[in-house]
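What follows is a short report on a single structure.
Throughout, read-outs are computed from the coordinates displayed, never taken from laboratory work. This one's a predicted model, so the numbers in the text were calculated from it and none came from an experiment. As a convention, Cβ positions derive from the backbone with ideal geometry for all residues, glycine included, and neighbour counts pool all protein chains shown.
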Amino acid sequence: GAVVSQHPSRVICKSGTSVKIECRSLDFQATTMFWYRQFPKQSLMLMATSNEGSKATYEQGVEKDKFLINHASLTLSTLTVTSAHPEDSSFYICSAPVRSTEAFFGQGTRLTVV
Amino acid sequence: DAKTTQPPSMDCAEGRAANLPCNHSTISGNEYVYWYRQIHSQGPQYIIHGLKNNETNEMASLIITEDRKSSTLILPHATLRDTAVYYCIVSPLSGGYQKVTFGIGTKLQVIP
C-alpha cells in the first residue's frame, strides 16, 4: 500500500527557534498534502492544504506566517514552525490522498518547545 | 456542526467481534462513509469506506443501513492491537481531493 513518511518523529527545540517537519510520499506522487495538528486528548485539526507548485491554503485561524508550508516536489511537503513557543507543542501529522477521499497518513511528529 | 455521531468509548473482549456504531442522519446522496483509526501516538490509518452497499476487506466490515442514516464498523475478531480511536467520517466523492475532517471518534479498548 501507499506509504507516507514523516520526519522527524520527535523533536525538542528551544523557544524562539524554528523547526522543519518533512512529509514524503514514498511510492506515489502527491500533488496535494494535508497538515494536521493534534493536542493531547483531542482530535486532529486540519491546519492547511499543501499544493505542489502553488501556495498553501490555510484553515481559518491558522497563521500562515508562523506555519510555513513548502510543497517543492511531487513527493515532498515541508512544514516549518517559525519562532516556536511552548503553546506550539503538539503532534503534527501530514497526509496524502491516493484517491479522492482515501488518504494515507504519516506517523506524526511530536514537537516539544521548551 | 457535527456530521457524524459516535459513542465516546467502548470496550470489547479480545477475540470477540467489535461493533462500532455511527450515526450520520444528514448524509447526502453523494457522500460516502469512511472509517479511520488512530493508534496512540501514531498517524491515522484508513480502514474502509462505502456508499450504500456493505463492504468487507481484510481489516473490517462496514454495514450501512438501507436509509444510509447510520453504519456499523465490525472488527470480526478484536485483538489488543485494535485498541485505538476509531473515526467515522462522511465525505463527498465529487472530484479532486477531499479534506478528511475528524470528529471526536470512539475510543475502543480491547480487553484481554
| task | Calculate, in nm to one decimal, what A:Leu68 and A:His85 gain on full extension: separation in residues at 0.36 nm each, minus their alpha carbon distance. | result | 4.6 nm
| query | Of A:Gly16, B:Met10, A:Ala72, which is farthest along the charge dipole of the protein assembly as shown in the positive direction, counting Lys and Arg as +1 and Asp and Glu as -1 at C-beta? | reply | A:Gly16
| If one computes the Cα centroid of segment B:44-112 and of segment A:55-114, what distance in Å separates the two points? | 24
| field | Gaussian network model of chain A, Cα within-10 Å springs - most flexible of A:Ile21, A:Ile93, A:Ile12 | value | A:Ile12
| field | Tensor-based shape of segment A:22-68 (alpha-carbon gyration tensor, a/c under 1.5 rounded, otherwise prolate or oblate) | value | oblate
| field | Neighbour-count order for B:Glu14, B:Glu58, fewest beta carbons within 10 angstrom listed first | value | B:Glu58, B:Glu14
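Work out the P(r) tail for chain B: percent of alpha carbon pairs separated by more than 17 Å, whole number. Each step should come with its number before you reach the end.
On the way: 3152 of 6216 pairs.
Value for chain B: 51 percent of Cα pairs lie more than 17 Å apart.
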| field | Over chain A: Kirkwood hydrodynamic radius from C-alpha pairwise inverse distances, Å | value | 13.9
| To the nearest 0.05, how large is the calculated FRET efficiency for A:Gln107 and A:Asp27 if R₀ is 22 Å and r is the Cβ-Cβ distance? | 0.90
| request: Assuming R0 = 30 Å, can you tell me the calculated FRET efficiency for the pair B:Ala13 and A:Ile12, based on Cβ-Cβ distance, to the nearest 0.05? | output: 0.15
| query | Which of the lysines could a cross-linker span from B:Lys69 if the Cα-Cα distance has to be under 29 Å and same-chain partners fewer than 8 positions apart are dropped? | reply | A:Lys41, B:Lys3, B:Lys52, B:Lys99, B:Lys107
| remark: Most exposed first, judged by fewest Cβ atoms within 10 angstrom, A:Met33, B:Met59 run B:Met59, A:Met33
| said: Give me the mean projected area, in nm² to one decimal, of the convex hull enclosing the Cα positions of the protein assembly as shown. | reply: 12.5
| message | Placing unit charges on C-beta atoms (Lys and Arg positive, Asp and Glu negative, everything else neutral), compute the dipole magnitude of the protein assembly as shown about its Cα centre in debye, rounded to 20. | response | 360
| note | Mean projected area (nm²) from the convex hull of Cα positions in segment A:10-49 is 4.3
| message | Quick one: the Cα spread of segment B:43-107 along its three principal axes, in angstroms, biggest first? | response | 37, 28, 21
